[in-house]
Every structure is written in structure tokens, then in C-alpha cells.
Amino acid sequence: MTLRSPPPEPLTAGPPASRPRPPSRGYWSEVWRRYRQKRLGVLALLYVVALSLVALLSPAIAGTKPVLCRFEGRWQAPCLGYFVEKWEDRMPVARKLRKRYSPERLKEADPESWAIWPLVFQDPYRRVRANEWPGRPGNPSGMEGRPSRLNWLGTTPTGVDVFAQLVHGSRVALLVGFVSTGIAALIGITLGALAGYYGGWLDVLLSRAIEVVMCVPALVLILALLAVVDKTTIWHTMVVLGLTSWTGIARLMRAEFLKLREMEYVLAARALGAGQARVMFRHILPNALAPVLVPITFGIASAILIENALSFLGFGSPPPNASWGNLLKEGQRSLSMWWLVLFPGTAIFLTVLAYNLIGETLQEATDPRLREAAK
Amino acid sequence: MTTYLLRRTLLGLVTLGVVTMIIYGLIRHMPGNPLLMAAENLDPSRRLTKEDQERMLRAYELDKPWYVAYVRWLVKLPRGDLGTSFRERRPVLQVIGQRVGPTLLLSGLSLLLTYLISVPIGLYCTVRSSRLDERLTSVFLYILYSLPTYVAALGLLVVFYLKLKDTPWQLKPGMVSDDFAMLSFSGKVQDVARHLLLPLVCYTYGGLAYFSRFIKANMEEAIRQDYIRTARAKGAGPVRVLILHAFRNTLIPFVTLLGLTLPGILSGSIILEQIFSWPGMGMLFFEALNVRDYPVIMGLTLMFSVLTLLGQFLADVLYALVDPRVTYT
């Protein structure tokens, strides 16, 4: 988005306007206005916002670590350990209780202490045992783990709560979508811009590179790249996904730059002495961004889809990792535990659907042909 | 046209060279090698000694650096020699050839179904545009389009394999039952159908939804054109206008899409074939990757890449065929 200063007052008086013109809207506010009119698109956007909130608040929704506690006269938030384990390791309460928290243990160690607990006392990575929370039975395992009052969405064969894993898995899903598509967008926009702007041998070279990456089926390249890494983490998956999914964006960007570099305003900018980098990034890029926004949104959907597929195939990051695909993998091993298929499957489906809907609505909102028709 | 073909072929060969080199370099850098992967599965008493391992590495030419091995692989290629599978100890071409049938059965049928069903749906949605039934169909298609195949596949397995167990409606994973050889001909057909149905549905529905939406979107644009009004004005019937005038003109993007589906016909689907234990190409690739069967991985990669390039080329040629305005020089 670019900020534009208000148009300067004309130096010479123009023809007197018969009627004051309404203030013209900027391009993006016009897009937003058209986007808002689509009910499904707005609904999808709300879903993503809600999912982000769940991801952000996941340790407070389901967990076994206090959200906030006052221990030995100090405020501490062990639940942050779900985000970064090191943060929790440094807290005195974590060291004292060896990371096993319960109201009783807390009181034992410091009678003065008190804590705010997550809404659901369940852990996404391990089985909660009996009386870990006073009076609460341990998680059932195997076929016993069907959805119940204590485990709303059931438990895995090893007794891990499915609801807690889904809630914490939303973090992985969001992160994968944004980080890998961010990497893809960065590579795609840069290479596409260079190829389109300079043309010549650079264009030939980069176009070949795009074709090479496109030529290998995505899953083949991803599996080969992931297999090279010794111990896969979710970050490896994200980088590999980013490295393999930039071609569509690059091709679109190249086409936009080819078109825009011939425009008069670019010529004007050059005539005013703007450097190449300035012309590329300040003048052309903002105008070329709208068309790539759509493939970027669809890219987020496909990144989430592929990450879960990889986890499902066993090529993702190994447990403990709350990826929804890991749950599906367990569901495939023990098909009779239908709740291991239904709930994570629905989560993946809804998320992919939401991003697809957003992409589709954006496409309609930014399509110049439809804009002409609306006038 | 000849120069275009020549240039296109040369560029394609260069692309193929780069692709295979990258993949060769990557797979040779994966941890583990075919010997270790196989030996790990054997009992510890039969584990290879160091000398044995080195001897076998030499025999398989795995002791050489990857670029040397790649060049050797490349040199043998023009003779149609893709090497020998480490795991099955048979030529790669044979190993791949064995898997072509199942994948082709699945993808061929699926493609046929996709076209047969999506064209009528697309046309129907165009005619009934913005009525209730069209809206419902469109929403349903969109849901199908966004439903991940592996989720659908698992869901269908739970219902049709597990919940319907011991009923005549049960459908099974795998390609044939254990007693397949003993069945009569009609029994064999029934047995394959029983195994084929679930993967076929999963293989088809995504493409079906995509194609229907694609046709509808193109038709919406076509029926607004002036020549449609002309056709109506001269008295052509609604069916004639819809099919001969409007649909015919949407064939151009449709045909391009056809070229892009070519690699999918032979590559199969890694995930679906794995879920349904369908012995096709995707499954072969998955297995080969897991046991580090380099020659098979390379053979499959080469095949996928050639098909992708061919598909793109075919799309361009078909484009010129259906649209006389496009020529290549």
C-alpha cells in the first residue's frame, strides 16, 4: 500500500466545476468496499481471525501449565512454554515443580501462591494421568478414548487429548500458511520483478529456472528436499514449502512488470532521475501487487494442505508436534477411532475452505473487468 | 513451425538435464543408503560387516561422488537403460512398467468420469444461473473443491470399510482380494470394482468440481458476447445456442487445461495410493524414496518431468489448433 499526499491545488484555475466531485477513493479502499459486499468472503475472513485468536491464546484454552501464577512473590507465566520451551525453563516455578503443575503441588511448594489455569486442563503432547488435577481421572487410551465429558473430542491411542492437540495445532497451521507463503512470495516477487524489468538474458535464465522448478512435481521435490534434512522440524517443512511454491507468483509478477515497465509514468519517473531500484520497488511494485495477492492467498491454502499431507505421510516433523496431519496419521492406523479422522479432517477442511474463499473474493474484488461492469 | 519445434525440444532437453541433476544430487545426499536401509530390516546377526558394505557399495557404484554417478546415469540414458532397481534387482523400466497398469486404470477412468460429468454440470449451472438449484450446486462444488483428498479418503474408508463391514456394501483398500486368482471372470471384475470404487471417487471429485466451475466461469463470459445475441436473433434454439455457439467457444481454455492434466494421468497420487494401498506409480515413488532406491526414484522423476514438459508443449500446440489466430514461428 502506498500513502499518497493529497493532490496539490491547481496553479491555474481550471474550468469551474459545476458540482464538487466526491472525494475519490484509493484503490485499496475500493477493493475493500467490494470485498465487504461478499458475505461468504467476510465470513471466511472472520474464521481466519478467530483461528488466529485461538492460536494466540492456545495455551490459555487448553494446557496443563498455569496461564499466570504468583509464586514466591513473583509473577510468572509458565504457559509461555508452549510457545518457546526456553522461556519456561528460566522460570523459578518451572524449576521448583519440574514442570508438573497442579494446584496441590503449587500450594505445597509455596502456600501463598495462586494461579490462573487454562480453561481446559489437558496437554497437547502427553497423556494427563489420574489426579493430576484434583479428583480428575486420567485420560483413557485406545478404543476407550471416544469423545466424552472430560475429553470433548476423544483421545489418541496413547491417551493424548484430541481437543488440546487441535487447539495447539492451529498454531502450526497458521504459521505454515504465512511463513511458507511469505518465503514463496518473497522469492517469487523478487525473481519475477527482476526477470520482467530487465528482460534479456536475465529473463531467459530466470524463466528457465521457473520452468525447472515447475517441471518437477511439487511433492517429489518436497519429499526429496525433506529427506535430505536429518531431523525435520516444522521450520524445515515451512522453508521447503516456500522454496517449491514460488513459481506461480514469479510468472505473474514477471508478466506485470513486462507490462508496467512500458507505461508512461515509469518513463516519467526515470526522466526525473529515479534510480533503477527506486523505479522497481517504489513505482512499479505497488501497482503490480494486486494481481499476485490472489495466488498468495491460494498459496496459503495449499501450504496448509501440503504440510498436513506431509505430516500424514510421516515426512513432517516428528512428535511431539501438534500438526493436524499427525492426528490424521494416527487415525489412519486405527480407523475404528473415527474421531481421529473426523475432527482434524474438519479443521483442515474448514481452514483450506476459508483461505480459498478469501482468495476467490479477492479475485472478484480486484478483477478490473468486473469493476468496469459495476460502473 | 520447424524452428519452433526444434527450439522447444532443445530447451526442454536442457530443462530435463537440470531437473535430473538437481534430483540426483538431492537424493544422493539423503541420510542412509540403499544397503543400510535394507540391512536395518534384517536381523542384527546378518548385518553386513564393514568390508562387505564397502565391497557392495563398489559393486553398486555408490562409492563414487554423485556427479560422476550422475554422468554415468546420463550416458546410459539414450540406450533406454535406466539402471537396475536396488530393491527388486530388476531393470527400472520393468519395475515402473509393472505399476503403469493400476495407475492408468485409476486415472484414465477418473479423467473420463470427470469430463463426462463436469460438462453437463457446467452447462446446467450456466442455464440455471443464480437460481436456487444453481446456487446449491455451486456451493456443493466449492465444498468438494476445498475438501482435501486425504481427509475424504479416510472418511470414506471409515464408513465403507469399517462401518459397513460384513454387509454386501463393504468396499476394500488394495487392488484385489487375496483369493483373486480363484475367482471366475465376473467375480474378478466385481472384485476389482469393489476395490476400485473408493480410490476412484477420491481421485475424481476434486477435478470434477474444478472442471465444472471452470466450464461455468467460461460459459458465463461466453453467453454475454454479441455473437450469442446474434445467434438468438437469427432464431437458433436455446440448446443449439448453448452448445454450438457458446460452449464451442469456451473450448480454447478447456483444451489448454487438458494438456496440463497429462502428467497427472501417469504420475498417480502418492497420498491416495498410499491410503488405499493401490499398487501404482505414486506408491512406487513413496516406497522407493523410503528404501533409497536411487535408480527407481530417478526413473520416476525423469518420467514425471518429461510428461510435464510434454503436457505444456501439447497445451500450446492444441491452443494453436483450436484457435486459428494463434501461430508459432
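Readers should treat all values here as calculations from the given coordinates under stated rules, not as data from a laboratory. Keep in mind it's a predicted model, so treat the numbers as computed, not measured. As a convention, Cβ positions derive from the backbone with ideal geometry for all residues, glycine included, and neighbour counts pool all protein chains shown.
Under a Cβ-only charge scheme (Lys and Arg +1, Asp and Glu -1), can you give me the dipole magnitude of chain B about the Cα centre, in debye to the nearest 20?
Dipole about the Cα centre, nearest 20: 800 debye.
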TODO: Take each complete run of DSSP H in chain A, measure how far its Cα atoms stretch along the helix's own axis, and keep only those covering 24 Å or more with mean Kyte-Doolittle hydropathy at least 0.0; list them.
DONE: A:39-56, A:162-198, A:285-313, A:339-366
TODO: Considering the options B:TYR67, B:LEU105, B:LEU258, tell which one lies farthest towards the positive end of the dipole of chain B, charges being +1 on Lys and Arg and -1 on Asp and Glu at the Cβ, about the Cα centre.
DONE: B:LEU258
Task: C-alpha center-to-center spacing [segment B:43-121, segment B:148-169] in angstrom - done: 32 Å
Open item on the list: Which lysines, if any, have their Cα less than 20 Å from the Cα of A:LYS38, not counting same-chain residues under 8 positions apart?
Closed with: A:LYS375, B:LYS216
TODO: Could you pull out the trypsin sites (Lys or Arg not before Pro) across segment B:244-329 that fall in loop regions by DSSP (anything but H, G, I, E, B) with no more than 15 other Cβ atoms inside 10 Å?
DONE: B:ARG325
Task: Ascending count of other beta-carbon atoms within 10 Å, so fewest first, for A:TRP32, A:TRP201 - done: A:TRP201, A:TRP32
- [ ] Give the distance, in whole Å, between the Cα centre of segment B:220-290 and the Cα centre of segment A:153-195.
- [x] 31 Å
Open item on the list: A 19 angstrom limit on the alpha carbon distance is what I want to check against. Which of A:LYS65/A:LYS99; A:LYS65/A:LYS96; A:LYS329/B:LYS165; A:LYS65/A:LYS86 exceed it?
Closed with: A:LYS329/B:LYS165
Task: In nm, spacing of pseudo-spin labels at B:VAL326 and B:ASP133 (7 Å Cα→C-beta vector) - done: 3.5 nm
Task: In order through segment B:173-183: 3J(HN,Hα) via Karplus (6.51 cos²θ - 1.76 cosθ + 1.60), integer Hz, x for Gly, Pro - done: x, x, 9, 9, 6, 5, 8, 4, 4, 8, 6
TODO: Among A:SER302, A:ASN356, A:VAL292, flag the residue with its Cα farthest along the positive direction of the charge dipole of segment A:269-375, charges on Cβ as +1 for Lys/Arg and -1 for Asp/Glu.
DONE: A:VAL292
Task: Mean residue ellipticity (222 nm) of chain A, computed from DSSP H runs ≥ 4 via -39,500 (n - 2.57), nearest 500 - done: -19000 deg cm²/dmol
Open item on the list: Hydropathy at least 0.0 by Kyte-Doolittle, axial extent at least 24 angstrom from the Cα trace: which helices of chain B, defined as entire DSSP H runs, fit?
Closed with: B:2-28, B:92-127, B:185-222, B:294-322
Task: Modelled FRET efficiency - R0 41 Å, A:PHE281 with A:LEU43, Cβ distances, 0.05 increments - done: 0.70
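If you wrap a convex hull around the alpha carbons of the protein assembly as shown, what volume per residue comes out, as a whole number of Å³?
Values: hull volume 187.6 nm³, N = 704.
In the protein assembly as shown, the Cα hull volume divided by residue count equals 266 Å³.
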- [ ] Among A:MET337, B:MET1, rank each residue by its count of other Cβ atoms within 10 Å, from fewest to most, as a rough exposure measure.
- [x] B:MET1, A:MET337
TODO: Can you tell me the order of A:232-244, B:4-16 when each peptide is scored by its average per-residue count of other Cβ atoms within 10 angstrom, highest first?
DONE: A:232-244, B:4-16
Task: Helix-only mean residue ellipticity at 222 nm for chain B, each DSSP H run of n ≥ 4 adding -39500 (n - 2.57), per residue, nearest 500 - done: -22500 deg cm²/dmol
- [ ] For A:LYS99, enumerate residues with amide H under 5 Å from its amide H, sequence gap 5+ or separate chain, H modeled in the peptide plane.
- [x] none
- [ ] Kindly put B:LYS64, B:LYS165 in sequence by how many other C-beta atoms sit within 10 Å of each C-beta, fewest to most.
- [x] B:LYS165, B:LYS64
- [ ] May I ask for the distance between the Cα centers of segment A:35-79 and segment A:211-257, given as a whole number of Å?
- [x] 30 Å
Open item on the list: If amide hydrogens are placed 1.01 Å from N in the peptide plane, which non-local residues have theirs closer than 5 Å to the one on A:PHE71?
Closed with: A:GLN76
